[in-house]
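Heads up, the thing below is written out as structure tokens.
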Amino acid sequence: MADTRRLYEQIAQKLARDIAIGRYELGQRLPSERELAQTFAVSRPTIREAIIALELDGLVDVRIGSGVYVMNKKPPSGKAGATDIGPFELLEARRAIEGEACALAAPRIDESQLVELEVLIAEMFDENEHDVVKSEDADRRFHELIARSTQNSGIIAAVQMLWDARTRSPQSRSMSTKVRAKGVKPRIDEHTAIVDALRRRDPDAARAAMRDHLSRVMTVLLEATEFEEMERTRAHIAEQRRRYASSK
């Protein structure tokens with residue numbers, strides 16, 4: 001029977017079991033993200049989601065610039081916490097659905113809605129300097145307004161559901177907290193590019209602008225939650241040494 005659990009949840013549970021049986025001892029550093037991705041034949045974002053789940057359960061400690069270390073063999077609460085949609089799988093779904101929503105909106109959006117989108121961009125710009133949570137709220141209203149401008153109730157419901165999932169998911173909330181701490185804020189230029197494409201009534205350009213924006217969000221989230229800078233530095237130095245040795 002196929003395993004219907006989320007992929008990151010499957011990986012997290014396998015790692016939790018390995019920790020519980022002592023494969024990884026207390027205080028031990030887990031293998032690098034790259035090694036884990038190769039071991040489980042999954043992407044780095046999936047590993048990142050699994051690590052977040054283990055961190056929320058109190059099993060590991062994520063040390064920026066060093067790695068992930070085992071803190072407890074069992075969750076201190078006595079059981080694993082609730083899991084929900086992961087932040088990267090959520091972005092993947094948003095990129096697919098909101099990209100098409102933007103293409104559908106291009107010929108249907110009216111002038112008043114375009115003006116409202118520009119007002120929301122101005123609000124994001126202002127709040128980026130004062131209150132990033134309010135800026136993120138304006139960001140949500142921006143994306144939901146594009147969905148409403150499609151005049152398609154299915155698209156509207158799907159986009160609202162994805163944003164609700166972002167708020168509901170413990171894993172996504174944890175990711176949001178981490179990236180805010182790194183100073184990540186809604187990107188004004190990317191939202192402006194989306195409105196420019198919509199104003200031109202160009203479905204292909206609108207789809208591309210939205211997909212580019214959400215791809216960039218995914219990249220920024222990966223960069224902002226990178227915890228293996230030391231590991232990457234060691235790998236880079238080793239590679240430089242190999243190149244030097246082979247050139248002699």
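I need the trypsin sites (Lys or Arg not before Pro) found in segment 155-232, filtered to DSSP loop residues with at most 11 other beta carbons within 10 Å of theirs. Walk me through the numbers on the way to the answer.
Values: sites: Arg166, Arg168, Arg173, Lys178, Arg180, Lys182, Arg187, Arg199, Arg200, Arg201, Arg207, Arg211, Arg216, Arg232; in loops: Lys182, Arg187, Arg200, Arg201.
Listed in order of number, the matching sites are Arg200.
Are any of the pairs Lys134/Lys178; Lys14/Lys73; Lys134/Lys182; Lys14/Lys182 more than 24 Å apart by Cα-Cα distance, and if so, which?
Values: Lys134/Lys178 17 Å; Lys14/Lys73 13 Å; Lys134/Lys182 17 Å; Lys14/Lys182 30 Å.
In this structure, Lys14/Lys182 lie more than 24 Å apart at Cα.
Give me the Kirkwood hydrodynamic radius of segment 36-147, using the inverse of the mean 1/r over all pairs of distinct Cα atoms, in Å to one decimal.
On the way: mean 1/r = 0.0574 Å⁻¹.
Averaging 1/r across every pair of different Cα atoms and inverting gives 17.4 Å.
If R0 is 35 Å, what FRET efficiency do you get for Leu7 and Ser112 from their C-beta distance, rounded to 0.05? Intermediate values should be presented prior to the final figure.
Values: r = 42 Å, r/R0 = 1.20.
It comes to 0.25.
Rank by packing, highest mean first: peptides 219-226, 136-143, 116-123, with packing defined as the count of other Cβ atoms within 10 Å averaged across residues.
136-143, 116-123, 219-226
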* Structure fact -> Length gained if Glu129 through Arg34 is fully extended, taking 0.36 nm per residue and subtracting the Cα-Cα distance, is 30.6 nm
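Relative contact order, percent, of segment 142-224 when contacts are C-alpha pairs under 8 Å separated by at least 6 residues? Spell out each step's value before the answer.
On the way: 34 pairs, mean separation 17.9, N = 83.
This gives 22 percent for segment 142-224.
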* Tilt of helix 7-20 relative to the longest C-alpha principal axis of the chain, in degrees (0 to 90, nearest 10)? -> 20
* Structure fact -> At q = 0.11, 0.12 Å⁻¹, the log10 of I(q)/I(0) for the chain from a Debye sum over equal Cα scatterers comes to -0.68, -0.78
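Filter the GluC sites (Glu not before Pro) in segment 1-55 down to the DSSP loop ones having no more than 11 other Cβ atoms within 10 Å, then list what survives. Walk me through the numbers before you get to the answer.
On the way: sites: Glu9, Glu25, Glu33, Glu35, Glu49, Glu55; in loops: Glu25.
Answer by residue number: Glu25.
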* In sequence order, calculated HN-Hα J values of segment 195-212 (Karplus, 6.51, -1.76, 1.60; Hz; x Gly/Pro) -> 5, 4, 5, 5, 5, 7, 6, 10, x, 5, 5, 5, 4, 5, 5, 5, 5, 4
* Positive end of the charge dipole of the chain (Lys, Arg +1 and Asp, Glu -1 on Cβ, about the Cα centre): tell me which of Ala16, Gly183, Ala158 has its Cα farthest that way. => Ala16
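Coordinate-derived values only; no laboratory data. A quick note: this is a predicted structure, and the numbers were derived from the prediction, not measured. Methodologically, a virtual Cβ is constructed for each residue, glycine included, from the backbone with ideal geometry; neighbour enumeration extends over all protein chains shown.
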